[in-house]
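Reviewing the structure listed below.
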Amino acid sequence: MTEPARKVEIRELSPEELALRIGAIASDKVAHDIRVFDLREIVSYTDYFVICSGGTERQTKAIHDAIYQELKDVHGRLPRRVEGLTESRWILMDYLDAVIHIFTPDARSYYRLEQLWGDAPSQTIE
């Protein structure tokens, strides 16, 4: 006789908790220069941007994979859209309440998103 499947309890995250959790997951995968921007008073399409860097394309993919897997397994959340995964120089993950930008160092310095959103309140994740 087989045991019934155990029900996994899914914990909902507020937009701020989501952004900070994503930053923590990225930090666990040794992302650097992790910044969380609060855009609630600036734009209507998202509440937070999380911007971080991986040292190589392989590391940016690993950061993406870790964020994707934990949010799916623990919180039951899938991104609405993912862009840039093939080349992995700039991976964008859209979770609606938070948009994640994972860059290689060259791509991050080229696109300079921090300068575009510099007026927004932000915090650095260690």
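The values are calculated or read from the model by the stated rules, or taken from the named source; none is laboratory data. Please read all numbers here as calculations on a predicted model, not as lab measurements. Reconstructed Cβ throughout: ideal geometry from the backbone, glycine too, with neighbour counts over all protein chains shown. These accessible areas exclude ligands, DNA and RNA; they are computed on the full protein's heavy atoms, side chains included. Shrake-Rupley method; radii C 1.70, N 1.55, O 1.52, S 1.80 Å.
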Please report the relative contact order for the chain, taking Cα pairs under 8 Å with a sequence separation of at least 6, and give it as a percent rounded to a whole number.
-> 29
Relative pair counts by distance (%), Cα atoms of the chain, 10 Å bins | 13, 45, 30, 7, 3, 1, 0
Could you give the accessible area per residue of the chain, probe 1.4 Å, as a whole number in Å²?
-> 63
Could you check what % of the DSSP bridge pairs in the chain are antiparallel, to the nearest 5?
-> 75
Rounded FRET efficiency, nearest 0.05, which uses the C-beta distance separating Ile10 from Leu116 and R0 of 25 Å | 0.15
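Could you check how much of the accessible area of the chain is carbon and sulfur, as a whole percent, using a 1.4 Å probe?
On the way: 3830 of 7880 Å².
About 49 percent, which is the carbon plus sulfur part of the accessible surface.
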Roughly speaking, what is the stretch gain from Asp28 to Arg40, that is 0.36 nm per residue apart minus the C-alpha to C-alpha distance, in nm to one decimal?
-> 1.7 nm
Of all DSSP beta bridges located in region 41-106, what percent are antiparallel, nearest 5?
-> 55
Cα centre as origin, Lys/Arg/Asp/Glu Cβ charges: the chain dipole, Debye = 340
At q = 0.15, 0.26 Å⁻¹, what log₁₀ I(q)/I(0) does a Debye calculation on the Cα points of region 59-126 give, no solvent, two decimals?
-> -0.54, -1.27
What are the semi-axes of the equivalent ellipsoid of region 40-87, taken as the square roots of 5 times the eigenvalues of the Cα gyration tensor, listed largest first and rounded to whole Å?
-> 21, 16, 10
